[in-house]
1. Could you pull out the residue among 10, 58, 49 that is more than 20 Å from the chain's Cα centre (by Cα) and of a type in the set (S, T, N, Q)?
2. Quick check on my filter: what residues within the range 76-95 are in a helix (DSSP H, G or I), open to solvent by 30 Å² or more (accessible area, probe 1.4 Å) and free of Cβ contacts under 8 Å to residues at least 40 places away in the same chain?
3. Which residue out of 112, 129 is at negative phi and open to solvent by 70 Å² or more (accessible area, probe 1.4 Å)?
4. Go through (1) surrounded by 12 or more Cβ atoms within 10 Å (Cβ to Cβ); (2) within 14 Å of the chain's Cα centre (by Cα) for residue 38 and report which single condition fails.
5. Between a residue in the range 27-51 that is more than 28 Å from residue 190 (Cβ to Cβ) and any residue that is open to solvent by 50 Å² or more (accessible area, probe 1.4 Å) and part of a loop (DSSP other than H, G, I, E, B), which pairs come within a Cβ distance under 7 Å, given they are 6 or more apart or on different chains?
6. Identify all residues within the range 187-201 that are of a type outside the set (D, E, K, R) and open to solvent by 60 Å² or more (accessible area, probe 1.4 Å); write none if there are none.
7. Residues in the range 166-186 that are open to solvent by less than 80 Å² (accessible area, probe 1.4 Å) and under 25 Å from residue 60 (Cα atoms): how many?
Amino acid sequence: MIFFSTKYQNYIPKIAVPFIDALIKNHHFDLKIVNQRQSKHGDFRKLSNGNYQITVNNNLNKHQFLLTLVHEIAHYVTYQKFGKVKPHGKEWKSVFKNLMLPFIKPEIFPKDVLPYLTNYLINPKASTDSDLNLSLALKGSTPADEKCFVFALSLGSLFVYKNNVYKREKKRRTRIECLNLSNKKIYLFNQNVEVKLYEKE
């Protein structure tokens, strides 16, 4: 279920609200807060009627939500300035970094997050989940109830992800190989993916 929200102020740190208010008032897009999607935290798109829409997942904590929202607003601004360019190319990187500048302060992001966030913004990637240290810091280094991070599993451990059972295999440079026990295919998982340990019935 997707729903409109005019109360995004409840999803971000209070001190960040005036900055986001200004961004939203200066641009023309619809903001929707939506139920959790496994594949992404947010997105930006041009609709068939010509309007622009940004969506952000409702399960994110306030710091994740803020970072995701600015990330998507940067897509909108990039599109307005440059038209169709690479989604996370040099134009978007430049816009995103400039939009984030007012938020890089300890009054908005926790002090233990700021060093990782600053490092991430040197060359921001498509998703914060690709930066293990930043992702863990944003989550408070604690997985959701009854879950654990893939990187914390021992080699050969079995876990459940999206109703499929996997076996934790070797680590590559930044990702972890996991064997899907149903189709016997290897999938690459970000290290900070939250999964549930498999329990035999």
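1. On the way: 10 fails: more than 20 Å from the chain's Cα centre (by Cα); 58 fails: more than 20 Å from the chain's Cα centre (by Cα).
Step by step, each of 10, 58, 49 is checked, and only 49 is more than 20 Å from the chain's Cα centre (by Cα) and of a type in the set (S, T, N, Q).
2. 79, 81, 82, 90, 91, 93, 94
3. Selected residue: 112, the only one of 112, 129 that is at negative phi and open to solvent by 70 Å² or more (accessible area, probe 1.4 Å).
4. If we test residue 38 against (1) surrounded by 12 or more Cβ atoms within 10 Å (Cβ to Cβ); (2) within 14 Å of the chain's Cα centre (by Cα), just (1) comes out false.
5. Listed pairs, sorted by first residue: 30/51.
6. Listed by number, the residues that qualify are 187, 188, 197, 198.
7. Initial filter on the range 166-186 (open to solvent by less than 80 Å² (accessible area, probe 1.4 Å)): 166-169, 174, 176-181, 183.
Among the residues that remain, those that are also under 25 Å from residue 60 (Cα atoms) are: 174, 176.
Result for the range 166-186: 2.
Here's the yes/no breakdown for (1) more than 20 Å from the chain's Cα centre (by Cα); (2) surrounded by fewer than 12 Cβ atoms within 10 Å (Cβ to Cβ); (3) part of a strand (DSSP E or B); (4) of a type outside the set (A, V, I, L, M):
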residue: 31; (1), (2), (3), (4): no, no, yes, no
residue: 43; (1), (2), (3), (4): no, no, yes, yes
residue: 65; (1), (2), (3), (4): no, no, no, yes
residue: 69; (1), (2), (3), (4): no, no, no, no
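The values are calculated or read from the model by the stated rules, or taken from the named source; none is laboratory data. What you see is a predicted model, and the numbers here were worked out from it, not measured in a lab. Please note: Cβ atoms are built from the backbone with ideal geometry, for glycine as well, and neighbour counts cover all protein chains shown. SASA here: full protein model, heavy atoms, side chains in, ligands and nucleic acids out. Shrake-Rupley method; radii C 1.70, N 1.55, O 1.52, S 1.80 Å.
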